[in-house]
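The structure appears right after this line, and notes come after that.
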Amino acid sequence: MSTVTPVCYCRNPAKLNTAWSNDNPGRRFFGCKKFGSGFRKPCNFFTWFDQPLMPPIHEFCCWIF
């Protein structure tokens with residue numbers, strides 16, 4: 001299975017990250033690779049890579065993390 005890496009608004013390949021928020025623990029998303037790297041103006045590109053977790057799985061993930 002091949003995956004296509006999206007291109008952010010800066011015209012760069014987006015970076016795959018992992019969210020560790022209470023609402024989305026372990027959920028992966030694509031964002032601008034400039035975000036959080038000291039660049040002055042990252043674009044606001046964001047898209048989920050994973051589907052939302054089902055409630056029982058979400059509760060389990062919150063418990064183990």
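Give the residue that is farthest from Cys43 (Cα to Cα), with candidates limited to residues of segment 1-22 that are in contact (Cβ under 8 Å) with a residue 24 or more places away in the chain and assigned to a loop (DSSP other than H, G, I, E, B). Break it down stepwise before answering.
Filtering segment 1-22 for residues in contact (Cβ under 8 Å) with a residue 24 or more places away in the chain gives 5-6, 8-10, 14, 16, 20, 22.
Subsequent filtering for residues that are assigned to a loop (DSSP other than H, G, I, E, B) retains 5-6, 8-10, 14, 20, 22.
On the way: Thr5: 16, Pro6: 14, Cys8: 7, Tyr9: 6, Cys10: 6, Ala14: 10, Trp20: 21, Asn22: 25 Å.
Going through the qualifying residues, I end up with Asn22.
Does segment 1-30 hold any residues that are touching a Lys or Arg at 6+ places or on another chain (Cβ under 6 Å) and either charged (D, E, K, R) or more than 11 Å from Asp50 (Cβ to Cβ) (or both), and which are they?
Of everything in segment 1-30, those that are touching a Lys or Arg at 6+ places or on another chain (Cβ under 6 Å) and either charged (D, E, K, R) or more than 11 Å from Asp50 (Cβ to Cβ) (or both) turn out to be Asn12, Lys15.
Given the conditions (1) modelled with pLDDT of 85 or more; (2) surrounded by fewer than 15 Cβ atoms within 10 Å (Cβ to Cβ), report the number of the one that Gly38 does not fulfil.
(1)
Within segment 41-65, restricting attention to residues that are modelled with pLDDT of 70 or more and surrounded by 15 or more Cβ atoms within 10 Å (Cβ to Cβ), which residue is farthest from Cys10 (Cα to Cα)? So that I can check it myself, show each step before the final result.
To start, the set of residues in segment 41-65 that are modelled with pLDDT of 70 or more comprises 41-52.
With surrounded by 15 or more Cβ atoms within 10 Å (Cβ to Cβ) added as a condition, the list becomes 42-43, 45, 49.
Details: Pro42: 8, Cys43: 6, Phe45: 9, Phe49: 19 Å.
Result: Phe49.
The values are calculated or read from the model by the stated rules, or taken from the named source; none is laboratory data. Please read these numbers as outputs of a predicted model, since none were measured by experiment. Glycine gets a Cβ as well: all are built from the backbone with ideal geometry, and neighbour counts include every protein chain shown.
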